[in-house]
Amino acid sequence: MLLMAGRTTRYAIEPRGEYVFGIVAGQAMRARRGRETHLVRPGELVAWDPSARHAGSAVDGRAWSSRLMLVEVGDLRALASDPETDTLAGVVFPHPVISDPDLASRFVRLHVALESSSTRLEREEQLSEWLHEVIGRSSPTRTARSTLTPRDDRALRLASDYLAECSERNVGLDELAAVAGIGKFRLVRLFRERTGLPPHALQVAHRVRAARRLLEAGETITAAAAATGFADQSHLHRHFRRSVGVTPGEYQRRLVARGSPRWR
């Protein structure tokens, strides 16, 4: 996919098999597709399917800001469906302007996560769930929601054990779903309903715990970050502080001052 962000007073896209999702900020913009004209206000989403050329222009010449995400047709199908949901084909958005504050705020968080040093699992969770949701809410194509069954207990255990055993690996959502033996959307829903957390949060918890042990053993922060699967030292710093309440450096200093680890 392609991520874009910036300010402009005009744009034009003639799609070659791509979907364009975006959000407008700062000022409104006027969009055109064929004979349709749409006023897109700040905070509103757009979802353009590849059916026709579309273009936009500033209102009263005032530039607007936007975040955009371009996804190819085949990739949309792979990201927004799985073996337990209906296969998506010919997804269209007859009403391309979407006024939905929840979807909009989640899109911004997704866009930031895709640009940042978040884990692969977190990025794939957010991307797949958002695409699945926007199609379900805004497209005539509908995705099925299956009922949880007792076999989900085993699936949850398999997935949880796999994240614990491979916490340092950059596990993807499709890989984790294959280990669990269920579809990826069912798996994420199962984690949320049974544990209150998405899969990537459990993965991060295992990584932070492993990093703590390495710091207690005298490893440097950089080495601990690399060994436990964090993208870099700042990535470890952010999650360590959220989980433990102090930075990795402060944690080490307290260990040295007290002579032995206190937090087990």
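For the chain, with all protein chains present and a 1.4 Å probe, just round the carbon and sulfur fraction of the accessible area to a whole percent. Solvent-exposed carbon and sulfur of the chain make up 49 percent of the total. Convex hull volume of the C-alpha atoms in the range 99-207, normalised per residue: 104 Å³.
Just the accessible area per residue of the chain, please: how many Å² with a 1.4 Å probe? Intermediate results must be reported in sequence, preceding the final value.
Values: 13090 Å² over 264 residues.
Heavy-atom accessible area per residue stands at 50 Å².
For the chain, the longest principal axis of the C-alpha atoms and the axis of helix 151-165 are separated by about 60°.
The fraction of Cα-Cα pairs per 5 angstrom bin, counted from 0 for the chain, comes to 1, 6, 12, 14, 14, 13, 11, 10, 8, 6, 3, 2, 1, 0, 0 percent, rounded to whole percents. From helices alone, the chain scores -15000 deg cm²/dmol at 222 nm; the rule is -39500 (n - 2.57) for each run of n ≥ 4 DSSP H residues, then divide by the residue total. Compactness of the range 172-259 was expressed as the Cα radius of gyration divided by 2.2 N^0.38 Å, which yields 1.28. Quick one: grab the alpha carbon gyration tensor of the range 1-71, order the square roots of its eigenvalues as a ≥ b ≥ c, and give me rounded if a/c is under 1.5, else prolate or oblate depending on whether a/b is larger than b/c. Verdict is oblate for the range 1-71. Between helix 199-216 and the chain there is an angle of about 30 degrees, using the helix long axis and the longest principal axis of the Cα atoms. Using only Cα atoms, find the angle between the long axis of helix 101-115 and the longest principal axis of the chain, and express it within 0 to 90 degrees, rounded to the nearest 10. Roughly 60 degrees between the two axes.
When Rg and Dmax are taken over the Cα atoms of the range 1-130, they come to 14.7, 48 Å.
Toward the positive end of the charge dipole of the chain, with +1 on the Cβ of Lys and Arg and -1 on the Cβ of Asp and Glu, the farthest Cα among ALA155, PHE107, VAL171 is that of PHE107. Projecting the Cα positions of SER234, PRO198, ILE221 onto the charge dipole of the range 185-238 (unit charges on Cβ atoms of Lys, Arg, Asp and Glu, taken about the Cα centre) puts PRO198 furthest along the positive direction.
Dipole check for the range 9-79: with +1 at the C-beta of Lys and Arg, -1 at the C-beta of Asp and Glu, and the Cα centre as origin, the magnitude is about 260 Debye.
The values are calculated or read from the model by the stated rules, or taken from the named source; none is laboratory data. Since this is a predicted model, take the numbers as computed values, not measurements. Reconstructed Cβ throughout: ideal geometry from the backbone, glycine too, with neighbour counts over all protein chains shown. With ligands, DNA and RNA removed, areas are computed over all heavy atoms of the protein, side chains included. Shrake-Rupley method; radii C 1.70, N 1.55, O 1.52, S 1.80 Å.
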